[in-house]
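Beneath this line is the structure, given in structure tokens, with notes to follow.
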Amino acid sequence: MEADDWARAALRDIEAAATLAACESLRVQYLGKQGRMTAELRGLARLPADERRARGFVLNGVKAQLEAALAHRREELARGEHERRLAAERLDMTLPGVEPQWGTLHPITQVRRRLADVMLRLGFTLRSAPEVETEWYNFDALNMPADHPAREMHDTFYVDPPYVLRTHTSPFQIRAMREAGGELPLRVATLGFTYRRDDDATHVPQFMQMEGLVVDRGIGLPDLKGVVLAVVRDVFGPAERIRLRPSFFPFTEPSAEVDMSCPLCLGAGCRVCHTGWIEVLGSGLVHPRVLEAGGYDPNDVSGFAFGWGVERVAMLLYGLKELRPLYQSDVRFLRAFDSWDV
Ligand SMILES: [Zn+2]
């Protein structure tokens with residue numbers, strides 16, 4: 001069987017075809033209706049009968065060869081295309097991904113959660129209270145009459161009288177007592193923002209307080225001291241000691257400032273504490289007038305309350321000299337508290 005020159009050229013072209021589209025154009029060129037093979041087959045009719053058979057045999061062989069070559073080349077190209085796409089679209093699992101920026105709990109949040117946890121374990125119920133209060137809840141009901149200096153405009157943010165931004169969490173005492181409707185015992189605590197016109201290194205206008213209140217029959221200073229000591233030791237460590245210093249608050253009688261042994265020197269005295277003691281919170285037995293405002297009979301029941309600044313706890317825990325960085329949202333500062341186990 002002898003192939004024509006054009007057939008050999010066609011085979012070379014097909015083997016060299018670079019794309020599937022090139023294969024198709026070669027198929028049209030050689031095997032299409034207007035193609036070379038069709039023309040050759042038509043030419044058979046002009047041949048003498050004895051040559052026609054041999055020539056037809058050759059042409060059929062060429063046609064089968066070209067078709068086989070095209071199919072083979074198409075398959076090669078398709079496989080190559082597949083491999084090229086596999087290579088190009090390969091997902092390299094060894095590349096490191098884009099790591100998200102993990103946030104950390106704000107130090108105040110960490111301290112707040114820790115304090116809440118302590119109070120819950122001591123049997124207190126946590127409740128919230130409005131940050132916008134009436135003067136009655138914020139002052140009058142807490143034995144702070146209209147002439148009390150804390151009610152001055154320069155100390156307090158007035159919203160629209162009689163509404164004020166609460167200056168302490170203590171209004172929660174009145175709300176909790178009135179809601180309890182005389183029920184005993186009452187053990188409640190709250191954590192939340194309070195507002196005063198203060199702004200310096202250790203004061204900010206918005207700060208957070210935690211406050212606890214217990215009302216029952218026969219409640220006295222030993223109960224207060226026991227609970228406060230338990231809270232302080234839970235937060236700062238079992239070696240802490242506390243002492244109560246007589247003080248004055250309108251809503252407690254008697255009132256006491258609570259000092260704890262300095263967590264830095266454990267009471268030996270250092271540059272920070274000088275005396276070995278650090279003032280941490282205010283406390284006292286609930287004033288009879290406050291009990292009355294809450295709907296309790298002060299001749300029948302008594303109670304104690306204590307409150308402290310959450311930021312102050314954070315400063316002591318972390319050894320901070322300033323309070324303001326806690327509210328300046330500088331992630332370099334905040335990230336430093338990432339590993340604190342609070
Ligand atoms: Zn000290």
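The values are calculated or read from the model by the stated rules, or taken from the named source; none is laboratory data. Note that the structure is a prediction, hence the values are computed from the model and not measured. Methodologically, a virtual Cβ is constructed for each residue, glycine included, from the backbone with ideal geometry; neighbour enumeration extends over all protein chains shown. Just the protein is used for accessible areas: all its heavy atoms, side chains included, with ligands, DNA and RNA removed. Shrake-Rupley method; radii C 1.70, N 1.55, O 1.52, S 1.80 Å.
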Could you tell me the distance between the Cα centroids of the stretch 216-287 and the stretch 11-61, to the nearest Å?
107
With axes computed from alpha carbons, what is the tilt in degrees of helix 107-121 against the longest principal axis of the chain, rounded to the nearest 10 within 0 to 90?
60
When ranked by the protection proxy of mean other Cβ atoms within 10 Å per residue, highest first, what sequence do the peptides 113-124, 12-23 form?
113-124, 12-23
From the Cα trace of the chain, what convex hull volume per residue do you get, rounded to a whole Å³?
281
If each of Cys265 and Asp300 carries a label point 7 Å out from its Cα toward its Cβ, how far apart are those two points in nm?
5.1
Note, Ala16: beta-carbon cut-off 12 Å, +1 each Lys/Arg, -1 each Asp/Glu, net -1
How far apart, in nm, are two points set 7 Å out from the Cα along the Cα-to-Cβ line at Lys33 and at Gln328?
8.5
Add +1 for every Lys or Arg and -1 for every Asp or Glu among the other residues with Cβ under 9 Å from the Cβ of Pro298, and state the total.
-2
So, for the Cα atoms of the stretch 5-88, Rg and Dmax in Å stand at 15.6, 58
Given the chain, what percent of its DSSP beta bridges are antiparallel, to the nearest 5?
95
Between Glu253 and residues 5 or more places away or on another chain, the pairs with built amide H atoms under 5 Å apart involve Leu285, Val286, His287
Checking Val159, Val215, Val310 against a Gaussian network model of the chain (alpha-carbon springs below 10 Å), the top fluctuating residue turns out to be Val159
With the chain treated as a Gaussian network of Cα nodes joined by springs under 10 Å, which of Asp297, Asp147, Asp216 yields the largest mean-square fluctuation?
Asp147
Of Leu20, Ala64, Gly32, farthest towards positive along the dipole that unit charges on Lys, Arg, Asp, Glu beta carbons give the stretch 5-88
Gly32
For helix 171-180, report the angle its Cα long axis makes with the longest principal axis of the Cα atoms of the chain; keep it between 0 and 90° and round to the nearest 10°.
90
At a 4.7 angstrom Cβ threshold, list every cysteine in the chain that has nobody to pair with, or say none.
Cys23
Residue-by-residue Karplus 3J(HN,Hα) for the stretch 315-331, coefficients 6.51, -1.76, 1.60, Hz, glycine and proline x
4, 5, 5, 9, x, 7, 8, 10, 9, 4, x, 5, 10, 9, 6, 8, 5
Per the rule of 0.36 nm per residue minus the C-alpha distance, extending Asp198 to Leu91 adds in nm 32.7 nm
Here, Ala21 and Ala68, labelled 7 Å along Cα→Cβ, have an inter-label distance in nm of 3.0
Do you know the relative contact order of the stretch 213-257, to the nearest whole percent, from alpha carbon pairs under 8 angstrom that are 6+ apart?
21
Suppose only helical runs count, i.e. DSSP H with n ≥ 4. What mean residue ellipticity at 222 nm does that imply for the chain under -39500 (n - 2.57) per run, divided by all residues and rounded to the nearest 500 deg cm²/dmol?
-12500 deg cm²/dmol
Report ³J(HN,Hα) in whole Hz for each residue of the stretch 87-94, in order, from the Karplus equation J = 6.51 cos²θ - 1.76 cosθ + 1.60 where θ = phi - 60°; Gly and Pro get x.
5, 6, 9, 5, 8, 7, 6, 7
Enumerate the whole-percent occupancy of each 10 Å bin, from 0 to the last occupied one, for all C-alpha pair distances of the stretch 264-327.
18, 31, 23, 20, 8
Leaving out ligands and nucleic acids, and using a 1.4 Å probe, what accessible area per residue does the stretch 5-88 come to in Å²?
68
Defining a contact as two alpha carbons under 8 Å apart and six or more residues distant in sequence, what relative contact order in percent does the stretch 5-88 show?
37
